[in-house]
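A.B. asks: Once you've had a glance at the structure underneath, I'll fire off some questions.
The values are calculated or read from the model by the stated rules, or taken from the named source; none is laboratory data. Only a predicted model underlies this, so the values are computations on that prediction, with no experimental measurement involved. Every residue, glycine as well, gets a Cβ built from its backbone with ideal geometry; the counts of neighbours run over all protein chains shown.
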Number of protein chains: 4
Amino acid sequence: MILGQNQYGKAENRVVRVVRDGATHHIKDLSVSVSLSGDMEDVHLSGSNANVLTTDTTKNTVFAFAKEHGIASAEQFGIHLARHFVTSQESIRSARIRIEEYAWERIGVPGPQQHSFVRTNQETRTAQITFDGGAWQIVSGLKDLVVLNSTDSEFHGYVKDRYTTLPETRDRVLATQVHARWRHAWTGDAAPEPPGDWDRSYRQAREHLLAAFAGTYSLSLQQTLYQMGSRVIDHCPGIDEIRLSLPNKHHFLADLTPFGLKNDNEVYYAADRPYGLIEATILRDGAEPGIPVDMTNL
Amino acid sequence: MILGQNQYGKAENRVVRVVRDGATHHIKDLSVSVSLSGDMEDVHLSGSNANVLTTDTTKNTVFAFAKEHGIASAEQFGIHLARHFVTSQESIRSARIRIEEYAWERIGVPGPQQHSFVRTNQETRTAQITFDGGAWQIVSGLKDLVVLNSTDSEFHGYVKDRYTTLPETRDRVLATQVHARWRHAWTGDAAPEPPGDWDRSYRQAREHLLAAFAGTYSLSLQQTLYQMGSRVIDHCPGIDEIRLSLPNKHHFLADLTPFGLKNDNEVYYAADRPYGLIEATILRDGAEPGIPVDMTNL
Amino acid sequence: MILGQNQYGKAENRVVRVVRDGATHHIKDLSVSVSLSGDMEDVHLSGSNANVLTTDTTKNTVFAFAKEHGIASAEQFGIHLARHFVTSQESIRSARIRIEEYAWERIGVPGPQQHSFVRTNQETRTAQITFDGGAWQIVSGLKDLVVLNSTDSEFHGYVKDRYTTLPETRDRVLATQVHARWRHAWTGDAAPEPPGDWDRSYRQAREHLLAAFAGTYSLSLQQTLYQMGSRVIDHCPGIDEIRLSLPNKHHFLADLTPFGLKNDNEVYYAADRPYGLIEATILRDGAEPGIPVDMTNL
Amino acid sequence: MILGQNQYGKAENRVVRVVRDGATHHIKDLSVSVSLSGDMEDVHLSGSNANVLTTDTTKNTVFAFAKEHGIASAEQFGIHLARHFVTSQESIRSARIRIEEYAWERIGVPGPQQHSFVRTNQETRTAQITFDGGAWQIVSGLKDLVVLNSTDSEFHGYVKDRYTTLPETRDRVLATQVHARWRHAWTGDAAPEPPGDWDRSYRQAREHLLAAFAGTYSLSLQQTLYQMGSRVIDHCPGIDEIRLSLPNKHHFLADLTPFGLKNDNEVYYAADRPYGLIEATILRDGAEPGIPVDMTNL
């Protein structure tokens, strides 16, 4: 019997950090999940916890670091945490920090008091920071960004076999819920300090994903996916790889002919299940793939 | 044995309506639930469906009406549907239409083509239209609008009994997920035509809820709730009643003292359960309550 | 402006009670939600908490009572809590306790040690206890019990209007997710002590619901619903009223004719949305309805 | 720019198969997700669908195969589907079928009619079948099986650092929600026919997981995890690898001391978040790991 890959930690620590700049407040709202790996044979085989930094301690560290280091960005916060776990405990060889970030915007009020916020909810930002004592891997991303084109999408020319019944179409609604992860080129080898502005990098990648979705005349969701991913690689030199998982949120034309009505691409039924699921990785020339095929939510 | 209140229909019809104004498209995205009541003794007692308009037909009607009448607003669409069911079938005495509306905003692209959208997800708009052949009841609302004040909230002076351990506080985070429903004064009696602009009315009520939440220096969530509700009644003459259900999304100050750190209202733990739940109705003088104590999601 | 119905309390207190009978353990696993009403004008209008027993204290009371009174049943535990809040605080006029109970069964192991359990998950048991200082109302129930008959269900003879397309059927799958609440006759007026065995009463009602669902040759889901409800009223003398909410979990026959295959009621597509929703109350002769039309989950 | 790993298909096809053995019916209830890979450069780069078997066709195939081949087991059904896609389309090089199975049990009724069922809901069974035209990989599993030991769990002797506050304990509740996947040794190389009874194999693995959980006196959740996994490897010769993901569903002792009450391991608070998350793979000697670190739900 062999103990294979193993990891442990505290998941979904919900930390909210308030910064008071006079009467103007700022907030960061994260869910932080810690996974540690290392010399953990004993705890699995005999139950000895002598090498185990408890998951409760990893939770405490998240909250303490929110005070000690602040939360400049999800990525920077994860770098602080991963470095700490790997460098402070001999038995910990590798740390993976996963973060979800929930965005807020100000509720505008008269006067200098600015401490009221409303959650935007549009998408969830994600970050995964992995450190093994030598190299870093930083994967940023987003999920649950729902987009729709009401035209400029065709679908035809596909294989027909015994089980094919789908009619071809020259004008359909194309909608999807974007789940994307992109891996940054930075690993710490050449440049010990991480590149500058993670929030700006996030906004740029997000803008390119939206622009490519909106700007592509689509012959298939695969084509749209490739346009989205390759545009990010093209425009963001710090990003070497991106993986997209795009459920085809089917909008079927409602059949109104039994009622003597013509449906000129006006009335759609938004279906839940089943749904097409299109997934692919796009890499910069020369880059090695580092994002797993399956991207979990946590 | 007596058959009491009963109703039936098709729930969660997901209809999306596209309107093409040249190269500029507009969309409405609804989930429509139909409930019908009437002479339904037979179907319960003997299984005779002679008085039953099937739930499948009510679904078809939703999609056909999206073509025939368009979707000017959730409320107006519900009025069309409720009137149809009650006036076209003798056995149907009353219809209740519940609608959720999901908002989209444009993805800006260069050029005249404007048919790309991203879901906002901030809150879900709701509408309930009830018609019994005589009077109308229109209840609009929203849910899942998450708001937070990072200061200007105190909590003290409460009852202490044997089971009280909560320390008083002069500065806390106040956060909630707003679930609100408001009943319009219009019933069709005095004015056969419904009042004008339901979308404008929605935006106004929403703005007043946010402004009252942000603008209230709070001594209790009940006080904030009352300010939110009464501000809507004050500023929206067409609204006679509002009910708010406000979960207290607790943000507990993280205890950093074991680590030798001071937490000066900077680092919070956002808790899930349990949560305070504060609910109340505010009525215009002279109005009779019409919104039930329990507000379901559907 | 008038303050209408209002209530507050701590929702979803997750309390687990272990009883050790030697090496044999027993557990009760509840989610308890407290709602209190009373003299609460001040806290809404001025923010004065002088009449407010905090929601945190109601949470503490739930956990303390699990020790002091034990949890004989969800209903009995709710009676203890409701009586306490109404009788111990002058400002509290009424208390409503809502409980969800999660069932566990033993994992059989050799030897006398019996402290291992696996959650059954089949349905969630519910109880709502309301007390205003005088009368009691006890409503028990269940939700998420999913049942299916693979035959003995027909559907035909219904109204056909312009929007009807559904073909009649003489053999279909009938499936639903039972959400039921039943009100006990006991109010404390005639008999101060509540009736005996709430767990036994629950098992009986549940068994009758299942037996009626399985034993009814169905011409409509309404007929099945009525058989289920009336069987409970018939066989359970302590129950005066029952309300059922039955989503029609549609199982559509897959169309295999394009593939040259015959589908003799063998292959079905289980649809999510939209779904028929059939709801009704059945009352014992002479009973007044007490269960609201809308049954929320909480 | 390089197109990396890519796959597509229809996800969550909800197929229910009824088999009529006279008056006794049997049902299988699956959610089937298809993922295909192969020569898909063109559709990504130019939008040409000439190599694309549509996701709609893969859906049709699922329903047609439920008729043509029946559903002997989730694994066997997935083998039929994967073989078909890879061998019938030149452009498809690999197929991965993921299946969730929902269990039903009979509602006992008098007489020969046996066609009534109630969903058990205890856990969801999973299966993943992968075929590349040469070798097979079959991974079976389960998720959402919730188990609890009310004693025989200790936790102490762990690392203490600056952020450690957790007190050691000699008696705690240990509860988790089991997510397990196990890889079968069969790949088709030595024996072209898959091994016999997948349902029996599933029941055995499940029983060993439960027995090991219940029978282990636990000094850490890692130790319990290892006992669960190694027992499966020990007792199931057809299984070469198992991966377990075990959230520590914390049950914290309620602090009743402020109320003058002693809590002798009787009253617990069941927490939601954060939670410990313990994950590991156990392999038969000589086996190569084949189950990814991250196990998604789909």
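A.B. asks: Only one of A:Phe77, A:Phe65 is among the aromatic types (Phe, Trp, Tyr) and either crowded, with 24+ Cβ neighbours inside 10 Å or touching a Gly at 6+ places or on another chain (Cβ under 6 Å) (or both); which? So that I can check it myself, show each step before the final result.
C.D. replies: On the way: A:Phe65 fails: either crowded, with 24+ Cβ neighbours inside 10 Å or touching a Gly at 6+ places or on another chain (Cβ under 6 Å) (or both).
None of the others qualify; the one that does is A:Phe77.
A.B. asks: If you don't mind, there's one more thing I want to ask. Of all residues in region C:159-179 being assigned to a strand (DSSP E or B) and among the hydrophobic types (A, V, I, L, M, F, W, C), which is nearest to the other protein chains (Cβ to nearest Cβ)? I'd like the intermediate steps shown before the answer.
C.D. replies: Filtering region C:159-179 for residues assigned to a strand (DSSP E or B) gives C:159, C:169, C:174-179.
Subset that is among the hydrophobic types (A, V, I, L, M, F, W, C): C:159, C:174-175, C:178.
Working: C:Val159: 5, C:Leu174: 10, C:Ala175: 9, C:Val178: 9 Å.
Taking the candidates together, the pick is C:Val159.
A.B. asks: Condition check: over 17 Å from the mean Cα position of the chain (by Cα) and at the interface with another protein chain (Cβ under 10 Å from one of its Cβ atoms). Does C:Phe117 satisfy that?
C.D. replies: Details: over 17 Å from the mean Cα position of the chain (by Cα): yes; at the interface with another protein chain (Cβ under 10 Å from one of its Cβ atoms): yes.
In short, yes.
A.B. asks: Here is a follow-up. Can you spot a residue in region D:50-65 that is within 19 Å of C:Tyr268 (Cα to Cα), assigned to a loop (DSSP other than H, G, I, E, B) and not hydrophobic (A, V, I, L, M, F, W, C)?
C.D. replies: No, every residue in region D:50-65 fails to be within 19 Å of C:Tyr268 (Cα to Cα), assigned to a loop (DSSP other than H, G, I, E, B) and not hydrophobic (A, V, I, L, M, F, W, C).
A.B. asks: Given the conditions (1) in contact with a Leu (Cβ under 8 Å, 6 or more places away or on another chain); (2) more than 28 Å from D:Ala254 (Cβ to Cβ), report the number of the one that B:Tyr158 does not fulfil.
C.D. replies: (2)
A.B. asks: Just to be sure I understand, how many residues within region C:206-227 are in contact (Cβ under 8 Å) with a residue 60 or more places away in the chain, surrounded by fewer than 21 Cβ atoms within 10 Å (Cβ to Cβ) and either in a helix (DSSP H, G or I) or at positive phi (or both)?
C.D. replies: Here the count works out to 2.
A.B. asks: Hey, any hits in region C:139-158 for a residue that's in contact with a Gly (Cβ under 6 Å, 6 or more places away or on another chain) and either of a type outside the set (A, V, I, L, M, F, W, C) or within 14 Å of chain D (Cβ to nearest Cβ) (or both)?
C.D. replies: No, the conditions are met nowhere in region C:139-158.
A.B. asks: Name the residue that is farthest from the other protein chains (Cβ to nearest Cβ), counting only residues in region A:36-59 that are among the small types (Gly, Ala, Ser) and touching a helix residue (DSSP H, G or I) at 6+ places or on another chain (Cβ under 9 Å).
C.D. replies: A:Gly38
A.B. asks: If I filter region C:31-48 for residues that are surrounded by fewer than 24 Cβ atoms within 10 Å (Cβ to Cβ) and closer than 30 Å to C:Gln113 by Cα, do I get at least one hit?
C.D. replies: For region C:31-48, residues surrounded by fewer than 24 Cβ atoms within 10 Å (Cβ to Cβ) and closer than 30 Å to C:Gln113 by Cα: present.
A.B. asks: Ok, one more. What tally of residues in region A:20-59 results from selecting those that are under 19 Å from A:Glu100 (Cα atoms) and among the aliphatic types (A, V, I, L, M)?
C.D. replies: 5
A.B. asks: Another question, if that's okay. Considering region A:93-136 alone, what residues qualify as being among the acidic types (Asp, Glu) and closer than 21 Å to A:Gly188 by Cα?
C.D. replies: A:Asp132
A.B. asks: Give region B:121-138 a look and list any residue that's within 8 Å of the chain's Cα centre (by Cα) and touching a residue at least 40 places away in the same chain (Cβ under 8 Å), or say none.
C.D. replies: The answer is B:Arg125, B:Thr126, B:Ala127.
A.B. asks: Keeping to region D:79-107, report how many residues are out of contact with any Leu (no Cβ under 7 Å at 6 or more places or on another chain), over 30 Å from D:Arg119 (Cα atoms), assigned to a helix (DSSP H, G or I) and of a type outside the set (Ser, Thr, Tyr).
C.D. replies: Residues that pass the stated criteria total 3.
A.B. asks: Still on this model: D:Gly188 versus (1) within 24 Å of A:Gly9 (Cα to Cα); (2) assigned to a loop (DSSP other than H, G, I, E, B); (3) not β-branched (Val, Ile, Thr): which is the lone unmet condition?
C.D. replies: In the conditions (1) within 24 Å of A:Gly9 (Cα to Cα); (2) assigned to a loop (DSSP other than H, G, I, E, B); (3) not β-branched (Val, Ile, Thr), D:Gly188 misses (1) alone.
A.B. asks: Name the single residue that is farthest from B:Ile233 (Cα to Cα) among those in region B:186-217 being in contact with a helix residue (DSSP H, G or I) (Cβ under 9 Å, 6 or more places away or on another chain) and of a type in the set (S, T, N, Q).
C.D. replies: Among those that are in contact with a helix residue (DSSP H, G or I) (Cβ under 9 Å, 6 or more places away or on another chain) and of a type in the set (S, T, N, Q), it is B:Thr216.
A.B. asks: So A:Asp144 ticks every box in (1) surrounded by 24 or more Cβ atoms within 10 Å (Cβ to Cβ); (2) assigned to a strand (DSSP E or B) but one. Which box is left unticked?
C.D. replies: The single condition A:Asp144 does not satisfy is (1).
A.B. asks: While we're looking at this one, here's another question. Scanning for something within 14 Å of chain C (Cβ to nearest Cβ), touching a strand residue (DSSP E or B) at 6+ places or on another chain (Cβ under 8 Å) and at pLDDT below 95, does region D:120-137 turn up at least one residue?
C.D. replies: No, region D:120-137 contains no residue that is within 14 Å of chain C (Cβ to nearest Cβ), touching a strand residue (DSSP E or B) at 6+ places or on another chain (Cβ under 8 Å) and at pLDDT below 95.
A.B. asks: Can you pull out the residues in region D:157-205 that are of a type in the set (A, V, I, L, M) and surrounded by fewer than 15 Cβ atoms within 10 Å (Cβ to Cβ)?
C.D. replies: The answer is D:Ala190, D:Ala191.
A.B. asks: Still on this structure, I have one more. For region A:85-114, enumerate the residues that are over 18 Å from the mean Cα position of the chain (by Cα), buried (at least 21 other Cβ atoms within 10 Å of the Cβ) and of a type outside the set (A, V, I, L, M).
C.D. replies: A:Phe85
A.B. asks: Quick one: in region D:1-28, of everything that is surrounded by fewer than 23 Cβ atoms within 10 Å (Cβ to Cβ), charged (D, E, K, R) and not in a loop (DSSP other than H, G, I, E, B), which residue is nearest to the other protein chains (Cβ to nearest Cβ)?
C.D. replies: Once the filter is applied, the top-ranked residue is D:Arg14.
A.B. asks: Select from region B:262-289 the residues that are in contact with a Leu (Cβ under 9 Å, 6 or more places away or on another chain), of a type outside the set (Ser, Thr, Tyr) and within 30 Å of B:Leu30 (Cβ to Cβ) and write down the one among them that is surrounded by the fewest Cβ atoms within 10 Å (Cβ to Cβ).
C.D. replies: Checking each candidate, the answer is B:Pro289.
A.B. asks: Spot the failing condition for B:Trp182; the list is (1) among the aromatic types (Phe, Trp, Tyr); (2) in contact (Cβ under 8 Å) with a residue 24 or more places away in the chain; (3) more than 14 Å from chain C (Cβ to nearest Cβ), and only one is missed.
C.D. replies: The single condition B:Trp182 does not satisfy is (3).
A.B. asks: Examine region D:177-195 for a residue that is under 30 Å from B:Pro258 (Cα atoms) and touching a strand residue (DSSP E or B) at 6+ places or on another chain (Cβ under 9 Å), and state whether such a residue exists.
C.D. replies: no
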